[in-house]
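Below is one structure, written out as structure tokens; the observations come after it.
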Ligand SMILES: [Zn+2]
Ligand SMILES: [Zn+2]
């Protein structure tokens, strides 16, 4: 399927495909982050909070939310550009992108991107928890032990670029996904990371993929759930259930205390 293009003077440097893909990701992330901001303030949704025993029933204060937005916006609006320009230049001029849009190609390309980000994020995230990198880099992201969606991009620039951004952008570039698949992937990945930090858990069969069930436990207990999907955590026995944190959480839920953060 042919993708319409715009003939603009700056197209060589900043091609429309990059802007279209990034816009999809940005729109998806912002809608989830803003929806979560509103839902956190609705009494009816408080029973879905992942850590209701934390201060303020496990919700960020307004001041914390704005602080998270400040750093996330800096990463999203400024820090991300150099990698995007290079990656999308390769995508367009060296590797090229697919022109065929079939069910099989869409599913195959999305599956590759998903597996790629799982392995990339798990590996780099484990490295960020090393003595050398944790204090210098990753501690920033762990500032919020009961995060909100906007905290997803709250990270040191080095972590944001190498762990988060490359994991998402390299997948479609390496296999030359169809441009529409790349846009869908960016929307899925950015919306997904916002949901993973939303602090909302819904007791549904697909909840693990579309809420904070997995990653919130990493922010709460620190030594578990390093991956995105849970596949690497399951294979390498770093998932929360293996490490006994599910039971620890169940005990916490039985104590109606509001004292102290992790
Ligand atoms: Zn971590
Ligand atoms: Zn996180």
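The values are calculated or read from the model by the stated rules, or taken from the named source; none is laboratory data. Quick caveat: nothing in here was measured; it's all calculated off a predicted structure. Cβ: placed from backbone, ideal geometry, glycine included. Neighbour counts: every protein chain shown.
Quick one: is residue 113 in contact with a helix residue (DSSP H, G or I) (Cβ under 6 Å, 6 or more places away or on another chain), farther than 29 Å from residue 52 by Cβ and part of a loop (DSSP other than H, G, I, E, B)? It is false that residue 113 is in contact with a helix residue (DSSP H, G or I) (Cβ under 6 Å, 6 or more places away or on another chain), farther than 29 Å from residue 52 by Cβ and part of a loop (DSSP other than H, G, I, E, B).
The helices (runs of 4 or more DSSP H) found wholly in the stretch 165-248 and carrying at least 2 residues that are surrounded by 23 or more Cβ atoms within 10 Å (Cβ to Cβ) occupy 166-175, 179-196, 215-221.
Using the structure shown, decide if residue 13 is over 19 Å from the mean Cα position of the chain (by Cα), more than 22 Å from residue 170 (Cβ to Cβ) and either at pLDDT below 90 or in a loop (DSSP other than H, G, I, E, B) (or both). Criteria not met by residue 13.
Here is a yes/no grid of residues against (1) within 14 Å of ligand 1 (Cβ to nearest atom); (2) in contact (Cβ under 8 Å) with a residue 24 or more places away in the chain; (3) over 15 Å from the mean Cα position of the chain (by Cα):
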| position | (1), (2), (3) |
| --- | --- |
| 131 | yes, no, yes |
| 141 | yes, no, no |
| 149 | no, yes, no |
| 160 | yes, yes, no |
| 164 | yes, yes, no |
| 168 | no, yes, no |
| 173 | no, yes, yes |
| 179 | no, yes, yes |
